[in-house]
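Here is the structure we will look at.
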Amino acid sequence: MALTILTVASPFAPIGADPENEGTAEQVAGAIDAALVRAGHRSIVIAPEDSAVAGTHIPLARVHGGAHGQAPDERAQAAVLRRVATVVAGAVEDHAPDLVHIHVRDFDALLPPQDVPVLATLYQPLDRYRPEALTSRRAKLHLQPVSAAQVRGASPGLTFLPPLEIGVAVDRLHIRVPKRRFAVCLGDIEPEMGFHIALDAARQIDMQLLLCGGLSRGAEEQRYLQEEIRPRLDPKRRFLGRIGFGRKRWMLGAARCLLAPSLMSEPTPVAALEALACGTPVVAFPTGALADLVEPGVTGFLVKDAEEMARAIEDCEGLDPDACRAVARARYSLDGMTERYLARFEELVGGGVGAAAGVA
């Protein structure tokens, strides 16, 4: 059956306009919009005015946010959400969607007053959501986790749909280049990413390490850069900042491994998925979804400290890049993800999927 899906994207970041620098939520929203149109469904997208969408675009005035794609303070955040909520209610009235799909952290502030099914995809650790949002008893609101690890150990009484894992563009990331003796770290420069540990591990075995990622102007992030990262840099351990897609693909393809010493429970380790798609194993701490993603001795190694990480970097030389590519294609492709979402939409509209109290 043909569906009408109303997508609600973040007012702080456009979708489709700059794919190389999009956040995870923007990539997912854009991919689902395009897949809906290809499949003959009707896609209505509420997104910033500089977005590029495949379906019908309802533009929002662009709001430049602060850390993590949010407004710089709570007062500004609340004002923006009120404006977006008005747009959402009007779009439901005008377009009569079969389902509303929200990609915003504060999804509970955007729920339409009309009686329509709502799917809220949860991209962040559960402790970053307001408890009242997760415990809402609003009829037809469905919470969509992006990994089993995200909801493992969730508070009793919380209910979630079965996880739908994030996908990456495996075809676009595919590359075959000779492996070289260097490792890569990829992600925002934040204390919880643990990149200082990766730098220590690389130094122990005199391994070149390239650290790539964005840096916010927040005081905590700046302190981490100045006190923990810069003192560990030298001609072989370098911080490159943000890099474009082409350079990222080459670096991931040529690297011996990606290092992911995350100190938080990441629900969606996108950098690790991209590394596997490029044929590169992942050496990670067993936190969040990384523990489920890495198959020791096949797609990388799970370690607990810098010493174990250093040994694992050397051991990655013997792993098969094609085994990494195969896992990425089978489990983490963007096309596979959009197919699963379209099937989920049909289930929710037809009333054929139930929520579970947590996910094992």
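Summary of values
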item: Net charge, Asp171 excluded, C-beta distance under 14 Å - Lys, Arg +1, Asp, Glu -1; result: +3
item: Descending principal axes extents, region 154-265, alpha-carbon based, whole Å; result: 52, 38, 27
item: Computed lengthening from Arg172 to Arg128, 0.36 nm per intervening residue step minus Cα-Cα distance; result: 12.7 nm
item: Euclidean distance between Cα centres, region 43-64 to region 1-31, Å; result: 8
item: Region 13-68: trypsin sites (Lys or Arg not before Pro) in DSSP loop, at most 11 other beta carbons within 10 Å; result: none
item: Protein accessible area in region 1-106, 1.4 Å probe - carbon and sulfur %; result: 49
item: Label-point separation, Ile205 to Lys179 (7 Å along Cα→Cβ), nm; result: 1.1
item: Region 183-260 - percent of accessible surface contributed by carbon and sulfur, probe 1.4 Å; result: 46
item: 222 nm mean residue ellipticity, helices alone, for the chain (DSSP H n ≥ 4; -39,500 (n - 2.57); rounded to 500); result: -10000 deg cm²/dmol
item: Separation of the Ser136 and Ala96 label points, Cα + 7 Å toward Cβ, nm; result: 2.4
item: Shape of region 1-126, Cα gyration tensor, a/c cut at 1.5; result: oblate
item: In degrees, nearest ten, helix 195-204 long axis to first principal axis of the chain (Cα); result: 20
item: Modelled FRET efficiency - R0 51 Å, Arg340 with Arg223, Cβ distances, 0.05 increments; result: 0.80
item: Helix 321-331 axis, angle to the chain major axis (alpha carbon atoms, nearest 10°); result: 10
item: Charge sum, other residues only, whose C-beta stays under 11 Å from Asp18's C-beta, Lys/Arg counted +1 and Asp/Glu -1; result: -4
item: The chain - convex hull of the alpha-carbon atoms, volume per residue in Å³; result: 128
item: Tilt relative to the chain, helix 74-95 - C-alpha long axis, 0 to 90 degrees, to 10; result: 50
item: Accessible area (Å², per residue) of the chain, counting only protein heavy atoms and a probe of 1.4 Å; result: 42
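The values are calculated or read from the model by the stated rules, or taken from the named source; none is laboratory data. In this text the structure is predicted, and so the values were computed from the model without any measurement. Here the Cβ is made from the backbone with ideal geometry for all residues, glycine too, and neighbour counts use every protein chain on show. To get the accessible areas, we keep the full protein, side chains included, count just its heavy atoms, and leave off ligands, DNA and RNA. Shrake-Rupley method; radii C 1.70, N 1.55, O 1.52, S 1.80 Å.
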